[in-house]
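Please read the structure below before turning to the comments.
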Amino acid sequence: MDVSSFYIFLLLLILGYAIGSYLERRHYKSIQQREHETLHVPIITIGAKQAMPNAEEAQLFVGTVVISVDYFKRFSAALRNLVGGRITVYETLLDRGRREALLRMKIEAIEWGADKVMNVRIETATIGGRSGNNNSLGSIEVIAYGTGIK
Amino acid sequence: MKFIHKKIPEDINITKRHPLSNLAHLLGMVIIIGVIGFVLLGVTADLISRWISPEMEAKIGNSLLTMVSDNEIKDDKRIKYLTELIYSLPKKDEEIRLPLKLHLIESDVVNAFVIAGGHIFIHTALLKTVESENELAFVLAHELGHFQERHPINGLGRGIIFMLVANILNFGTHVNVPDILSLGSELYLMNYSRKQETAADLYALERIINRYGHGGHTMQFFKRLEKDEAEGNLVKVSEYFSTHPRSKERIERLMLEAEKQTWKMQGDATSVSNI
Ligand SMILES: [Zn+2]
């Protein structure tokens, strides 16, 4: 590796950090605001083995979101891979993913007129990153789904 | 069961730690472990290469030979001249580790190098560039210095060990070894080779003083090369400078040593014969 590719690496790291953390702050602001706005509709996990409450109508709602890892996070995580321990930089990424997916599901349910979303489940998947030769930036997909009732 | 509106608390799933302090902490840890690791590996490689017998080194040299010797000129009187010149350089009581073999390569690129097993390579462009035997002898003595100090075989040992470790790390973590690590190793190796170059230069100057009685007409060659490069003849000389330090610092260091040893640095040039 020569000096110029080191500068490119440094530039990517700084860009990744600057833009990544700006977008993250903005996303969190938006998440908190929308969570506050939709607080009146409960989302609960019961329903799989319990009887559902009586309702006139029920429908499945799905919210999905895909979030990419930035260069800074990936570099931090790669270093973490060498020494072990909690990858704290990925915690915010997953937290944003879960909350965004839940919100998208919930907002759709509210528009439909739901007064509860039951039996809510969350799943995650990684896309874009190849296992083995993992040189590309990975992304995560978070899927939240539940049964809206009214 | 009544539903109560509550603000969702933050920081449950997120560790309160600034990403930059996290990165600084990680970098510090990796760099400390890395430096210790590189030093240990270097020492191990040196120990291993010290165990390599001259016969073994000769075998390694022969197997490397097939990879480098393209455009080699055989049966040329210049080879005899160069061989005699290089054998005239060591001190009387000095033992040459293995029989030297000189390889003359037809090439427009100015270069000279030595590989394990005592194989010294001289490009024909180098012979065209030198203006006196003193200049040529200095370049030859420098390469001989590398060989006598076991630099090629040590370098090989280091190269193999570092490659092995990089591969193991790469395989174990499923990510490429972070760029910073490869940069670190390169800086480390660069520093290592700088030490080698200084050692080879000092070896060479001592032999030149011994052979010609003075150190004049030796370093003009490097100045000319650098001028050549500045004039845009980059391709021709860049290969030599990719493995050798810049002329200015080299000359300064040698002049300092000559002053310390009270070596004469002026004298008549001996002309190159048979070329
Ligand atoms: Zn050298």
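Each reported figure results from applying straightforward, stated rules to the coordinates on display, with no laboratory input. Every value quoted in this text rests on a predicted model; they were computed, and no experiment measured them. Methodologically, a virtual Cβ is constructed for each residue, glycine included, from the backbone with ideal geometry; neighbour enumeration extends over all protein chains shown.
Karplus-based coupling profile of the stretch B:22-28, in residue order and whole Hz: 4, 5, 4, 4, 4, 4, x, with θ = phi - 60° in 6.51 cos²θ - 1.76 cosθ + 1.60 and x standing for Gly or Pro.
Averaged over the residues of A:69-75, the number of partner chain Cβ atoms lying within 10 Å of the residue Cβ comes to 2.
Put simply, the convex hull of the Cα atoms in chain A casts, on average, a shadow of 11.3 nm². Relative to the longest principal Cα axis of chain A, at what angle does helix A:71-83 sit, 0 to 90 degrees, rounded to 10? Between the helix axis and the principal axis of chain A, the angle is about 80 degrees. Relative contact order of chain A, taken over Cα pairs closer than 8 Å and 6 or more residues apart, is 33 percent. Rounded to the nearest 10 degrees, the angle from helix B:234-243 to the longest Cα principal axis of chain B is 70 degrees. For the stretch A:113-125, 3J(HN,Hα) computed residue by residue from phi via the Karplus equation (6.51, -1.76, 1.60; θ = phi - 60°) reads x, 5, 10, 7, 10, 10, 6, 7, 10, 10, 9, 10, 9 Hz, glycine and proline entered as x. The Rg/Rh ratio for chain B, using Cα coordinates for both the radius of gyration and the Kirkwood hydrodynamic radius, is 1.17. Couplings for the stretch A:85-99, taken from phi via the Karplus curve 6.51 cos²θ - 1.76 cosθ + 1.60 with θ = phi - 60°, read x, 6, 8, 5, 5, 7, 4, 5, 4, 6, 4, 4, x, 4, 5 Hz in order; Gly and Pro are left as x.
Summed over qualifying helices (DSSP H, 4 residues or more, each -39500 (n - 2.57)) and divided by its residue number, the protein assembly as shown shows a 222 nm mean residue ellipticity of -20000 deg cm²/dmol. Extent along the principal axes, Cα only, for the protein assembly as shown: 108, 41, 37 Å, with the longest axis given first.
Scanning residues 5 or more positions from A:K116 or on other chains, those with amide H under 5 Å from its amide H are A:I149, with H placed 1.01 Å from N in the peptide plane. Radius of gyration over Kirkwood radius for the stretch B:1-134, both on Cα atoms: the Rg/Rh ratio is 1.43. Only lysine pairs 8 or more places apart or on separate chains count here, and in chain A those with Cα atoms under 23 Å apart total 8. For chain B, the relative contact order works out to 21 percent when only alpha carbon pairs closer than 8 Å and six or more residues apart are counted.
What's the angle, to the nearest 10 degrees (0 to 90), between helix B:77-87's Cα axis and the longest principal axis of chain B? Relative to chain B, helix B:77-87 is tipped by roughly 70 degrees. Among the listed pairs B:K80/B:K227; B:K92/B:K248; B:K77/B:K101, a Cα-Cα separation exceeding 23 Å is found for B:K80/B:K227; B:K92/B:K248.
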